[in-house]
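Below is one structure, written out as C-alpha cells; the observations come after it.
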Amino acid sequence: VVKGGIPEGMVLVKGGEFKMGTDDPSADDADKPSHTVTVADFYLDQYEVTNEQYQQFVKQTGRQAPKGWTGSDFRGGEGKFPVVNVTWTDATEYAKWAGKRLPTEAEWEYAARGGGQDRAYPWGNDWSDKLSNSKEDGRGGPMPVGSYPGGATKDQIFDMAGNVSEWVADDFIPYPGSKRAADPNNKVYRGGAYVAQKELLKTTLRWWDFPNGAYPYLGFRCAKDVDK
C-alpha cells in the first residue's frame, strides 16, 4: 500500500548535503574526520524490522530462522520486537524480498541526525535516558519498536539510537583523511543498542563486523529509492 506515494511504514527523507562523521578529538579515529556528503531523497522504514515481519520472509522463502526461534516461530509476545541474530546477508535478502534495500551508511547517519542537522542524538544534543533503550536503563534486552516516541528524529523515524543496532549496506572504509587503518571484508552497522552506554549512541558512531556475524543486539531497517 502506498500512502500519498510513500510506501507503507516508510518515511520520505528529503536529501541534501551534510557533514558526515565528527571532529570531536575524543572520538574514535573510525568516526572522523567530518567530511561533506550529499544524499538524494530516499524512503526509510519508520521502525526497525520486527519479528513478525521477518517471520513472513522466513515462511515464504524457507530461509533459516534466527537463533532463538522455534522452527519459523519467534518467542511468544515478541512480534513487535526488532528481529535480531540476523546476518548482513540475511538483512540484504530480506530487503530484496520486501522490494527494498539496506540504507547506505550516509543515508542512515543523515536521517539519524534529523536530515543532516548536526545532532548528537536523533532527538537533539542533550542526553536523556527516557528517549531510548540503552545500557543506562538496565533493561538488558530489546523493547517493542517505537517504544520511545520522544526519541524519534524530526521525520518521525524511531529507535535510531538504542534498542538494537542496525546493519547498513556499506563495507567499512575509513573516512577520507582518517588515521584509522582499513579493515577489509567488514560491513558497517549503526545506532547503538540496549547494550551500549550513552556515549556510544551518538549518531556519528560506526561499528563493523563480518557479513555473516549475528548478534542478539543487532537488527536492521530498510530503505528504498524514490522514483525519479
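Miscellaneous remarks
- Gly191, sole failed condition from (1) open to solvent by less than 60 Å² (accessible area, probe 1.4 Å); (2) touching an Asp or Glu at 6+ places or on another chain (Cβ under 8 Å); (3) over 16 Å from Glu109 (Cα atoms): (3)
- Qualifying position, being closer than 25 Å to Phe172 by Cβ, at pLDDT below 95 and in a loop (DSSP other than H, G, I, E, B), among Gly140, Gly115: Gly115
- Condition met for Tyr110 (modelled with pLDDT of 95 or more, of a type in the set (Ser, Thr, Tyr) and within 18 Å of Pro216 (Cβ to Cβ)): no
- Of the residues making up segment 150-186, just one is assigned to a helix (DSSP H, G or I) and open to solvent by 40 Å² or more (accessible area, probe 1.4 Å), namely Gly150.
- One residue stands out in segment 13-56 among those that are part of a helix (DSSP H, G or I) and farther than 19 Å from Gly77 by Cα: the one that is most open to solvent (accessible area, probe 1.4 Å), namely Asp29.
- Checking each residue in segment 130-139 for being of a type outside the set (A, V, I, L, M) and either closer than 10 Å to Asn163 by Cβ or within 19 Å of the chain's Cα centre (by Cα) (or both) picks out Ser132, Asn133, Ser134, Lys135, Arg139.
- Looking only at segment 75-91, residues that are touching a residue at least 40 places away in the same chain (Cβ under 8 Å) and out of contact with any helix residue (DSSP H, G or I) (no Cβ under 6 Å at 6 or more places or on another chain) come to 10 in all.
- Filter result (outside any loop (DSSP other than H, G, I, E, B) and touching a Cys at 6+ places or on another chain (Cβ under 7 Å)) within segment 59-107: Ala95, Arg101
- Segment 55-74 residues that are under 10 Å from Asp90 (Cβ atoms), paired with ones that are open to solvent by 60 Å² or more (accessible area, probe 1.4 Å) and not small (Gly, Ala, Ser) (beta carbon under 6 Å, 6 or more apart): Phe57/Trp97
- Screening Gly141, Gly219 for residues that are surrounded by fewer than 19 Cβ atoms within 10 Å (Cβ to Cβ) and not aromatic (Phe, Trp, Tyr) leaves exactly one candidate, Gly141.
The values are calculated or read from the model by the stated rules, or taken from the named source; none is laboratory data. All values reported here derive from a predicted model rather than from experimental measurement. FYI the Cβ positions are ideal-geometry reconstructions off the backbone, even for glycines, and counts take in every protein chain you see. These accessible areas exclude ligands, DNA and RNA; they are computed on the full protein's heavy atoms, side chains included. Shrake-Rupley method; radii C 1.70, N 1.55, O 1.52, S 1.80 Å.
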